[in-house]
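Working notes, beginning with the structure itself.
The values are calculated or read from the model by the stated rules, or taken from the named source; none is laboratory data. Fair warning: this is a prediction, and the values are worked out from it, not measured in the lab. FYI the Cβ positions are ideal-geometry reconstructions off the backbone, even for glycines, and counts take in every protein chain you see. In case anyone asks, the SASA skips ligands and DNA or RNA and just uses the protein heavy atoms, side chains included. Shrake-Rupley method; radii C 1.70, N 1.55, O 1.52, S 1.80 Å.
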Amino acid sequence: MASARAALQLRRQCLAAATNPVLFSGHGLRYRKLEVILTTSIDKLGKAGEVVKVAPGHFRNHLMPKMLAVPNIDKFAILIQEQRKLYQREEEVVKEVTKEDDDARQQEERLKEYQTAAKRLDNALLVLRRYISTGNELRTPVTKDEIVSEVARQLNINIHPDNLHLQSPLASLGEFELPLRLPRDIPRPEGKLQWTLTVKIRRK
């Protein structure tokens, strides 16, 4: 808003100056050039803020109506400086907001990925086959690291051992529902208190 007001003020003063007969006192001279300040960079002419010389007709018919340049007068030079400061401040704000938006979008995407993975784990049945010794007792108990490895192999989901709540290795055949420790940002599953992983151990 501030930059728009500055641009409007600049345009009004430029138009007022353009009607000044002193400004175009040399209009009839063939080789007389007019010093102007560029408000924007123009190819083969100069960069924004630079003072260049142009034909009065070119300034009056092309540069001035499009606010591409203003007469090289002190008050316009000051206005150009102030306007560039305003634009610079607004660009900084826009860049800062854009960075925050990007961070929020990335965080939202990560949260969606985590939730999708949590749903797959909660709906999955991880099947392990083990040798038994006597009855339903396993020869070697199933450890947390083994379960994490099987999750990666069977479900193609990488979890950390800390994500799995297992107080002691699984030592018998059967079906076990293991609680999952996931980030609190992930909403709880509908109708359940927490996310879980079902592990079924069968005879090999």
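In this label model, THR198 and GLU177 are separated by 0.9 nm, measuring between points 7 Å along each Cα→Cβ vector. Accessible surface for the stretch 111-203, divided over its residues, is 66 Å² per residue with a 1.4 Å probe. Using the Cβ-Cβ distance between ARG120 and ALA48 with R0 set to 45 Å, the FRET efficiency works out to roughly 0.25. In plain terms, the chain from GLU113 to GLU146 could stretch by 9.5 nm, reckoned as 0.36 nm per residue minus the Cα-Cα distance.
Order the peptides 144-152, 186-194 from the highest to the lowest mean number of other Cβ atoms within 10 Å of their residues.
Working: 144-152: 16.2, 186-194: 10.4.
Top to bottom by mean Cβ count within 10 Å: 144-152, 186-194.
What the phi angles of the stretch 56-64 give under the Karplus curve with 6.51, -1.76 and 1.60, with θ = phi - 60°, is a coupling list of x, x, 5, 5, 5, 8, 10, 6, 5 Hz, glycine and proline written as x. Note that the stretch 189-201 has calculated 3J(HN,Hα) couplings of x, 5, x, 10, 7, 7, 6, 9, 10, 8, 10, 10, 9 Hz, one per residue in order, obtained from phi through the Karplus relation 6.51 cos²θ - 1.76 cosθ + 1.60 (θ = phi - 60°); glycine and proline are x.
Roughly how many percent of the accessible protein surface of the stretch 111-203 is carbon and sulfur, given a 1.4 Å probe and a whole-percent answer?
Details: 2740 of 6090 Å².
For the stretch 111-203, the apolar C and S fraction of the accessible surface comes to 45 percent.
Report the extension gain between ASP162 and TYR131 in nm, rounded to one decimal, defined as 0.36 nm multiplied by the number of residues separating them, less their alpha carbon distance.
Values: separation 31, 0.36 × 31 = 11.16 nm, distance 2.68 nm.
Contour length minus the Cα-Cα distance gives 8.5 nm.
Pairs over the 26 Å Cα-Cα cut-off, from the set LYS119/LYS204; LYS112/LYS200; LYS44/LYS66: LYS119/LYS204; LYS112/LYS200. Residues whose amide H lies under 5 Å from that of LEU164, counting only those 5 or more places away or on a different chain, are ARG181; hydrogens are built 1.01 Å from N in the peptide plane.
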